[in-house]
1. Pull out a ≥ b ≥ c, the square roots of the eigenvalues of the alpha-carbon gyration tensor of region 344-473, then state rounded if a/c is under 1.5, prolate if not and a/b is larger than b/c, and oblate in the remaining case.
2. Subtract the Cα-Cα distance of L379 and K141 from 0.36 nm times their separation in residues, and report this length gain in nm to one decimal.
3. Tell me which of Y318, S253, L307 sits at the most positive position along the dipole axis of region 243-328, charges placed on C-beta atoms (Lys, Arg +1; Asp, Glu -1).
4. So for the pair L471, K91, with labels modelled 7 Å out along Cα→Cβ, what separation do we get in nm?
5. Per the Kirkwood definition applied to all pairs of different Cα atoms, how many angstroms is the hydrodynamic radius of region 243-328?
6. Given A271, G94, G349, which one lies farthest toward the positive end of the charge dipole of the chain, if we put +1 on the Cβ of every Lys and Arg and -1 on the Cβ of every Asp and Glu?
7. With label points built 7 Å along Cα→Cβ from the Cα atoms of R284 and E83, find their separation and express it in nm.
8. Given the pairs K174/K460; K426/K463; K401/K481, which span a C-alpha to C-alpha distance of over 19 angstrom in this model?
Amino acid sequence: MKKIIVLTLVVALFIPLVGCGEKSDKKISNYDISISLNADMTLDGKMTYSFTPNSDISSVYFSLYPNAFSSTAEISPVYKMDELSAYPNGKSYGDIQITTVKSRGKALDFEVTGKNNGTLKVGLNETVKSGKEIDIYIEFKVKLANVKHRTGYGDDTVNLTNFYPVACVLENGKYYESVYYPAGDPFYLECSNYKVSLTVPPTYVVASSLAPISTVWSADNTEYNYERENVRDIAFILSKNFNVLEKTCNGVSVKYYYYGDKNPEKTLDTACSSLRYFSDKYYRYPYAEYVVAEGDFIYGGMEYPCLSLISSSVSNDYRDYVVAHETAHQWFYGILGVNQNEIGFFDEGLTELSTALFLSEYTDTSLDNYVNQAINSYLSIREALVYAGNTRPPVMDRNLKDFSSEAEYVMIAYNRSEIAFNDVRKTLGDAKFFKFIKGFINQNAYKNVTLKDFEKALNKTSKTAGKVFNLYVNGEKVVQKAE
Ligand SMILES: [Zn+2]
């Protein structure tokens with residue numbers, strides 16, 4: 001964590017890639033989604049999810065993220081202390097109702113269950129053999145809360161992310177159910193191909209993570225048609241106030257949708273420069289478009305494949321930092337996936353270090369300075385937590401439920417993890433570090449990796465660096481003030 005639409009028939013300059021499926025001997029799944037936004041801030045949606053399971057299954061699970069915003073959710077999507085900034089117009093609720101589930105014309109039984117009613121379980125009426133394609137058709141209705149969050153609307157933007165039933169990852173014959181906690185990013189997603197039709201009132205400008213294919217205008221609404229292959233998720237940020245700046249960087253069309261930014265050229269330049277930097281250091285940015293959108297959001301920003309949401313509340317140098325941070329997530333989360341519910345520190349720490357590495361070249365602030373800021377933040381949060389009686393060792397690989405506050409999450413997933421990856425970098429030396437990270441991404445692009453996968457690869461490169469990293473992860477390494 002930590003933005004004018006054009007024409008008919010713009011053919012996406014998508015560069016064909018090796019699909020998730022092809023790399024992990026699993027066929028890539030497909031979403032075909034059609035949604036329309038109504039004036040009362042509800043969405044009517046239909047989708048078909050097609051996939052080929054790699055084990056015998058008799059049910060399919062989906063995450064229902066909008067139910068995290070329901071009045072009956074057991075876990076609030078924001079901490080108490082953040083409620084005023086998340087709900088400036090008063091407490092508001094949203095949810096998702098599933099109205100129809102079918103497969104090839106036949107109705108299927110389904111149940112909405114789990115924490116926050118966050119899981120849709122669909123029965124298949126039979127055991128479907130591994131390797132046989134399954135289509136699930138779902139109709140749904142979403143009510144958006146008036147909340148400055150991932151799914152909701154504020155005074156300036158409508159944030160349409162995580163609004164559709166999202167397929168849960170099937171591992172060893174079992175589905176992983178993500179739970180929406182206020183700390184971190186409760187996502188574990190596989191790459192899929194998407195076709196989306198979005199219909200909105202004509203007054204909105206749409207920032208989309210997908211490649212535009214065609215637009216149909218009528219008096220009452222505008223229908224946008226999009227596609228994108230091989231991405232983990234999709235996102236739309238809508239506003240009646242968007243201005244748009246665009247430039248091409250490294251062959252990628254980079255667009256910035258903004259309404260409050262006093263220096264939009266600078267923000268666009270940061271997006272471009274960081275995209276170029278990470279492309280050079282790690283892996284060529286594989287899509288034809290990258291979008292940055294300003295929006296109503298309680299945190300600094302939020303990453304989606306090909307789109308970064310940047311809160312309108314951040315400005316100046318902090319905005320550059322957030323833009324670079326969310327851009328780095330295109331690699332650490334987007335291209336290289338992990339289960340963020342369990343090891344949120346992994347992508348955040350690599351993203352934080354990458355941001356510091358980029359900014360140390362892009363600005364006058366040195367890398368040591370950035371790392372020292374992380375050390376100081378870590379030590380002051382730790383001191384405050386211990387003072388308040390929280391003496392839990394700083395173990396890094398813990399589920400989102402095991403964070404008592406946003407501050408504790410920042411301390412572990414951002415600060416300690418950045419410091420850990422920086423120590424790995426110092427142990428290996430820059431040349432070997434970048435070679436290792438580049439190699440690891442190349443080997444695992446579009447897949448999900450585990451902590452074990454990373455540790456195994458790191459130990460193979462350097463046992464010393466592996467030991468250094470492990471001492472941080474298991475909580476033993478004591479972080480000390482820089483000299
Ligand atoms: Zn982040």
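The values are calculated or read from the model by the stated rules, or taken from the named source; none is laboratory data. Small disclaimer: the values here were computed from a predicted structure and weren't measured. Ideal geometry is used to build each Cβ from the backbone, glycine not excepted, and the neighbour counts take in all protein chains shown. Heavy atoms of the whole protein, side chains included, go into the accessibility calculation; ligands, DNA and RNA do not. Shrake-Rupley method; radii C 1.70, N 1.55, O 1.52, S 1.80 Å.
1. Details: a/c = 1.88, a/b = 1.31, b/c = 1.44.
Taking the square roots of the gyration eigenvalues as a ≥ b ≥ c, region 344-473 is oblate.
2. Values: separation 238, 0.36 × 238 = 85.68 nm, distance 4.56 nm.
Stretched out fully, the L379 to K141 stretch lengthens by 81.1 nm.
3. In region 243-328, that residue is S253.
4. Roughly 4.8 nm, to one decimal.
5. Numbers: mean 1/r = 0.0799 Å⁻¹.
For region 243-328, the Kirkwood estimate is 12.5 Å.
6. G349
7. 5.2 nm
8. Numbers: K174/K460 30 Å; K426/K463 14 Å; K401/K481 29 Å.
Flagged as over cut-off: K174/K460; K401/K481.
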